[in-house]
Amino acid sequence: MSLIKSISGIRGTIGGKPGDNLTPIDAVAFAAAYGSLLLEQNPNQRNTVVIGRDARPSGEMIQQLVQNTLMGLGIDIIDLGLSTTPTVAMAVPDLGAQGGIILTASHNPIEWNALKLLNEKGEFINAQQGQAVLKKATDNDFSFVGVNDLGRLNTHAHALENHIQAILALDYTQKEAIKKQGFKVVVDGVNSSGGVAIPQLLEQLGVETIKIHCTPNGIFPHNPEPLAVHLTDLSQAVIAHQADFGIAVDPDVDRLVFVDEKGVVFGEEYTLVACSDYVLSKKLGPTVSNLSSSQALQVITAQYNQSYSAAAVGEVNVVEEMKKRQAIIGGEGNGGVILPELHYGRDALVGVALFLSLLTERQIAVSQLRATYPQFFMVKEKVTLTPTTDVDGILQAIAKVYPVEDVNTVDGVKIHFINQWVHLRKSNTEPIIRIYTEAPTEAEATDLAQDFKQQIIHLQ
């Protein structure tokens, strides 16, 4: 398994040989490269980096390596300990830091970990900065300081509470009205940071919370990607406790999925749709998602006579497009909600607050809410890559097969048919080609996905 280096960060499996996996040597090299870039960007001043991690068993080891490396460069550390990606992102500008690092492999299994790198705004570094980090790591282009100039280690215990208070202070959050509803909610925290963060937010909103898989030991009780097939425990718990709905997040709490009162998954694509519907009802403006997200957001946005645009996959690309369009809300169809009035990052906690506010205002059950939205079905498939796979060649060959269709090559290949679309792209986070399809029926979406999967396998 090779290290995966992309705009989503640097990730790999723990153990093995340097350069092939995320070993201690690789963690040190990339931390040193990132720290050196910060020093170049902010010369003649003391630099500070905020660091937080999810609950993976490798987290503490990687954190020690990363923060001690940065201190060896003369950079001060603010250690948030167990935290969430959006909490770290908000803490960076709040604490006046020059950068931030979240140690998490998001939805990847337990053997994975990663360094997600942030700039001084608490946003992911851009592609140019990412390339600079990779080059410095490859060239060993860094120099450490002497004993009198070592960085200092500080801790900060209030970042999550500050994050939650900022959400509660939003005009969108109907705090008092939510408290009066008497909601009962089941939370699946996949034994990571969300098992701590989401219940704390719900408590502040007066929501009765039933916790499953909320012990932050990093031992994931199921595949940590919050897809319907992995959420059977949550669905069963919602029914058993007669809860109003269920909440599932990924290990670093930037993806959010709901389960309705009948135990049926609301659909990760519809998390952003519902939250956008609520925000658009309060404030008009453009919306943005990525090319792999459901067209349902475009339909909802049009109902408010507002404009929608699609960005390349990757949070940094979505944020760039949101800023360009001055979007009032955006995100990714994987359950990632970005509300600029809070910060430019996917944030499951603010998504929960927006969703509760929407339910409170509409006074309907979650299943009824879902029925009000355009009905599209999405299928997500993948093809595992071999070391010799020519991904670009495969995608170019497939695009040539459909010369009369609407083909978008901004990010991989997206082909629009009359009532459906397919998006093929190399993953930023795994050695696979992702296949996304959407159609008016599940059968059509499935058939389309299988058709293109076979085409890729044939060309591989």
Centroid-to-centroid separation of region 97-124 and region 154-232 [C-alpha atoms, Å]: 20
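Cβ neighbours within 10 Å, averaged per peptide: list 170-176, 378-384 in order, most packed at the top. The partial results should precede the final answer.
On the way: 170-176: 16.0, 378-384: 18.3.
Order by mean packing, descending: 378-384, 170-176.
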Where labels lie 7 Å past Cα in the beta-carbon direction, separation of ASP141 and LYS180 in nm: 6.0
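Determine the sum of side-chain charges near GLY330: Lys and Arg each +1, Asp and Glu each -1, restricted to other residues whose C-beta is under 15 angstrom from that of GLY330. Write down the numbers at each step before the final one.
Working: positive: ARG255, LYS283, LYS323, LYS324, ARG325, ARG346; negative: GLU123, ASP254, GLU269, ASP277, GLU315, GLU320, GLU321, GLU332, GLU341, ASP347.
Here the charged neighbours net out to -4.
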Using θ = phi - 60° and Karplus 6.51 cos²θ - 1.76 cosθ + 1.60, couplings along region 437-447 (whole Hz; Gly, Pro as x): 10, 9, 7, x, 10, 5, 4, 5, 5, 5, 4
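Please quote Rg/Rh for the chain to two decimal places, taking the Kirkwood radius as Rh and restricting both calculations to Cα atoms.
Details: Rg = 21.6 Å, Rh = 22.5 Å.
When Rh is taken as the Kirkwood radius, the ratio is 0.96.
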Per-residue HN-Hα couplings for region 198-215 [Karplus 6.51, -1.76, 1.60; θ = phi - 60°; Hz; x = Gly/Pro]: 5, x, 5, 5, 4, 4, 5, 9, x, 9, 5, 10, 9, 9, 10, 6, 10, 8
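Considering only DSSP beta bridges whose two residues both sit in the chain, what percent are antiparallel, to the nearest 5? Show your work: numbers first, answer last.
Details: 41 of 72 bridges.
About 55 percent, rounded to the nearest 5.
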Ellipticity estimate at 222 nm from DSSP helix runs (n ≥ 4, -39,500 (n - 2.57)) divided over the chain, nearest 500: -12000 deg cm²/dmol
Summed residue charge, Cβ within 12 Å of THR13's Cβ, Lys/Arg positive, Asp/Glu negative: -1
Two-site FRET efficiency, LEU284 against GLU60, from Cβ-Cβ distance with R₀ of 45 Å, rounded to 0.05: 0.45
Count of lysine pairs in region 4-158 with Cα separation under 17 Å (8 or more residues apart, or interchain): 6
Vicinal HN-Hα couplings computed from phi for region 36-41 (Karplus, 6.51 cos²θ - 1.76 cosθ + 1.60; Hz; Gly/Pro x): 5, 5, 4, 5, 5, 6
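Using the number of other C-beta atoms within 10 angstrom as an exposure proxy, rank THR301, THR209 with the fewest first.
On the way: THR301 25, THR209 19.
Lowest to highest Cβ neighbour count: THR209, THR301.
Rounded to the nearest 0.05, what FRET efficiency is calculated for ILE418 and THR388 with R0 set to 45 Å and r the Cβ-Cβ distance?
E(calc), rounded to 0.05, equals 0.80.
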Footprinting exposure proxy for ILE435, ILE4 (fewest neighbouring C-beta atoms within 10 Å first): ILE4, ILE435
Surrounding net charge for GLN181, when Lys and Arg each add one and Asp and Glu each subtract one, Cβ distance under 15 Å: -1
Spherically averaged projected area in nm², based on the convex hull that wraps the Cα atoms of region 377-459: 5.1
Cβ-derived FRET efficiency at R0 35 Å, ILE219 paired with GLN45, nearest 0.05: 0.25
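Coordinate-derived values only; no laboratory data. Being a predicted model, the structure only gives us computed values, none of them experimental. Methodologically, a virtual Cβ is constructed for each residue, glycine included, from the backbone with ideal geometry; neighbour enumeration extends over all protein chains shown.
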